[in-house]
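First comes the structure, then the notes that go with it.
Rule-based calculations on the coordinates, nothing more; no lab input. Everything numeric here is computed off the predicted structure, so don't read it as measured data. Heads up, the Cβs are rebuilt from the backbone with ideal geometry, glycines too, and the neighbour counts pull from every protein chain shown.
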Amino acid sequence: MNIKKYLEYAKGIILYLVLSLGISLFLASLNLTKIPFFKNFWVLNILNLISPFITCIVLIIIYKDIFINKWQDFKVNWQKYINIMVKYYLVGLLLMIMTNLILSSITGNIAINEEQNRTLFNSLPLYSIIASIFLAPITEEIVFRASIKDISTNINLKCFISCLLFGLMHVIFNGDFIFAIPYAALGFFLAKTYYETDNIFTSIMVHGMHNTICLLIIFLGGLL
């Protein structure tokens with residue numbers, strides 16, 4: 001396989017990093033939060049949505065064919081796909097919970113990313129809901145599943161590459177690399193869902209459902 005092919009597979013990840021980090025750094029350089037208007041609770045929520053929203057839209061445009069071509073297929077075959085979605089999600093969720101419990105008992109901590117998610121939900125709820133339930137599932141399924149779909153004909157190999165990248169992405173900026181394992185466990189079965197159905201809507205919906213459940217747990221935990 002030549003370098004051009006490798007770059008094609010890496011295109012999604014490169015675009016994701018350049019767009020999300022670039023836009024975030026640009027907005028941070030403007031120091032908008034020093035202006036009273038941008039300190040407003042709801043304005044601050046919307047301001048934080050700019051980077052993930054633009055990143056998501058750009059990726060949808062670039063990979064628009066996988067959405068256009070598969071929507072009709074999903075409408076026709078959704079009942080068949082539901083069984084696959086539920087089966088793989090339950091297995092992935094179980095493994096994620098088990099590995100999280102084991103790692104937490106060893107380290108005495110939870111993943112830094114989980115702590116940050118809880119903090120964000122409490123401080124920027126609108127941002128957390130929209131980004132976690134809608135933008136992140138679409139963006140991450142494009143980047144970590146769809147963009148490497150043709151890297152191999154071996155589904156398990158593609159799932160392994162996908163889950164490795166997915167797991168690392170959730171911890172790479174925090175440094176708690178051991179907690180990449182629970183994310184990778186879930187990521188493997190999100191990849192299985194996508195590659196076995198050959199439909200991006202299946203893994204997006206499972207991903208969105210998982211994030212919704214996580215936010216509900218955070219919300220209910222805050223009420224107790």
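Shown for the chain: lysine pairs separated by 8 or more places, or found on different chains, whose C-alpha atoms are under 13 Å apart, numbering 6. Sorted largest first, the principal axis extents computed over the alpha-carbon atoms of region 1-99 equal 52, 38, 35 Å. Taking K and R as +1 and D and E as -1, what net charge do the other residues with C-beta under 12 Å from the C-beta of Glu141 add up to? Every neighbour counted, the sum reads +2.
Under a Gaussian network description of the chain, with springs only between Cα atoms under 10 Å, the residue in Thr139, Thr153, Thr197 that fluctuates furthest is Thr153.
Return the single residue from Met169, Met98, Met85 with maximal mean-square fluctuation; model: Gaussian network over the chain, springs between Cα atoms under 10 Å. Of Met169, Met98, Met85, the most mobile in the Gaussian network model is Met98. Averaging 1/r over each pair of different alpha-carbon atoms in region 65-174 and inverting the result gives 16.5 Å, the Kirkwood hydrodynamic radius.
Using the Cα coordinates of region 45-90, the gyration tensor eigenvalues translate into equivalent-ellipsoid semi-axes of 28, 17, 8 Å, sorted from longest to shortest. For Rg and Dmax of the Cα atoms in Å, one of [x] 17.9, 56; [y] 17.9, 72; [z] 16.6, 49 was computed from the structure I shared and the rest are decoys. Which label? Evaluating Rg and Dmax of the Cα atoms in Å on these atoms matches [x].
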